[in-house]
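S.K.: Below is the structure I would like to discuss, written out as structure tokens.
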Amino acid sequence: MSEVSTSTLGISPGDRQSFQHRHGIIGKSTEIREVVDTIMQVAPTDITVLVTGESGTGKEVIAKAIHQASKRVSRKFIPVNCGAIPEGILESELFGHEKGAFTGAVETRKGYFELADGGTIFLDEIGDTPISTQVKLLRVLESGEFMRVGSSEPRTADVRVLAATNKNLDEEVRARRFRQDLFFRLRSVNIRIPPLRNRRGDIPLLVEAFLRSLGGNGRGAAAGQDILVTDDGMAALMRHSWPGNVRELRNVIESILVLERGNVVDERVVTRYLHVEEPRIDDRSLPMHLGKAPEQAERELLFRLLWEIKSDLNDLRRLVGELQQRPPLSLPAGDGAEHPSISLDDMTLRGMEEELIAHTLERFRGNRRLAAEALNISERTLYRKIKDYGL
């Protein structure tokens, strides 16, 4: 992969700030400065760029900035969300189709690559494309050639390709869900956008920008008022982990502007709009910030899981031992007759466990939490055993 060095670009702070202002890239953190410097270097070229980052970090904003700063700015910029198009029609959407190529193809239709000829196509969520389509994308990237669905005539398009994904494509390649050759071709330059939690110093700038851009809606707190975010309100915003990143922050600010009547946004107001799910005290499976190296944390998690499995097995052995000490079960039939006794000696350990789980689930009307408590095992273990036994 071609890594772009930003330390030797000679980009002045003034040029960078001007570029950010023109293209709506907000932030002064080191991470954002490096992203902007890379954009400014690669935009004038036709090199393929892969933009990676979590959902909501602003990958399309970066792609648009690359196009708008390129020599193709006067031509079309066509964004395509590959993850939102059903697999069966994705190829037709990208490359077009001939009349009669499939049921419903009542006319010849150009695909996005033809429509973007001379301009830029942005393939968002490219990690979700099926392998069959990836083969055709690789051909376009290497030769500019493609064929409409239902046609054997090669066509060409002069298109710059920008792609984005929130997936780890290295892992997707190892899992054989993404072609390695396409991955290598896409990542000529890889721009990684940091999550918002890693650049919390940019949150006040983003809040200010959103208040300014959203404040003209004439509704709620924004109706003709200057909005004041107090120190404790801003502190609450900066403490939040923002799993939805910049998109989530924008939605929170918009909700406050529309729904709040006052013009003061303090901690009390902010916390009403932060969707924070408090972890249960006994839920040991939730991720936590441990201040440890990832390798160490992973080892400790594995040891904990093994210990829980051992504990579950010990509980099961104890329960089976108690059952074996009881007399054989005999269940009265409706007509006064008795069913044959059920001897534990005639059942396997697996069979007894399955019967016990099924009976407990029936007793609690399918409530898995109550059933797990009654069986004295974790819900996770119960879920696994329900799946194993097909209950």
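S.K.: Please list the non-local residues whose amide H lies under 5 Å from the amide H of Thr230, H modeled 1.01 Å from N, same-chain partners needing a gap of 5 or more.
M.R.: Val265, Asp266
S.K.: Take the Cβ-Cβ distance between Ala235 and Glu379 as r, set R0 to 41 Å, and report the resulting FRET efficiency rounded to the nearest 0.05.
M.R.: It comes to 0.70.
S.K.: Keeping to pairs on different chains or 8 or more places apart, tell me how many lysine pairs in the range 1-157 have Cα atoms under 21 Å apart.
M.R.: 9
S.K.: Relative contact order of the range 13-194, please, whole-number percent, based on alpha carbon pairs below 8 angstrom and at least 6 residues apart. Before the final figure, lay out each step's value.
M.R.: Numbers: 318 pairs, mean separation 55.3, N = 182.
That works out to 30 percent.
S.K.: Remind me, what semi-axes does the range 13-194 give for its equivalent ellipsoid, largest first in whole Å, using sqrt of 5 times each Cα gyration tensor eigenvalue?
M.R.: The answer is 30, 18, 13 Å, longest axis first.
S.K.: Next question, about the same structure. Can you run phi through the Karplus equation (6.51, -1.76, 1.60; θ = phi - 60°) for the range 196-210 and list ³J(HN,Hα) in whole Hz, with x for Gly and Pro?
M.R.: Coupling constants for the range 196-210: 4, 5, 8, 9, 4, x, 8, 4, x, 5, 5, 4, 4, 5, 5 Hz.
S.K.: Now a separate question. Go through 378-389, 35-46 and give me the packing order, highest mean Cβ count within 10 Å leading.
M.R.: Per-residue mean Cβ counts within 10 Å order the peptides as 35-46, 378-389.
S.K.: Right, another one. In nanometres, what is the gap between the two model label sites at Ser132 and Ala175, each 7 Å from Cα along Cα-to-Cβ?
M.R.: Rounded to a tenth, the inter-label distance reads 2.1 nm.
S.K.: Also, quick follow-up: Could you compute the net charge surrounding Ile121? Neighbours are other residues with a C-beta less than 14 Å from the C-beta of Ile121; K and R count +1, D and E count -1. Numbers along the way, then the final one.
M.R.: Details: positive: Lys64, Arg72, Arg75, Lys76, Lys110, Lys136, Arg160; negative: Asp46, Glu60, Glu93, Glu114, Asp117, Asp124, Glu125, Asp158.
In short, -1.
S.K.: Give, as a single signed number, the net charge of other residues whose beta carbon lies under 13 Å from the beta carbon of Asp266, with Lys and Arg counted +1 and Asp and Glu -1. Each step should come with its number before you reach the end.
M.R.: Details: positive: Arg268, Arg272; negative: Asp231, Asp232, Glu260, Glu267.
Net charge around Asp266: -2.
Bear in mind these aren't lab numbers, they're just calculated from the coordinates by the rules spelled out. Because the structure is predicted, anything quoted here is derived from the model rather than measured. Because the Cβ atoms are built from the backbone with ideal geometry, glycine has one as well, and the counts that use them run over all protein chains shown.
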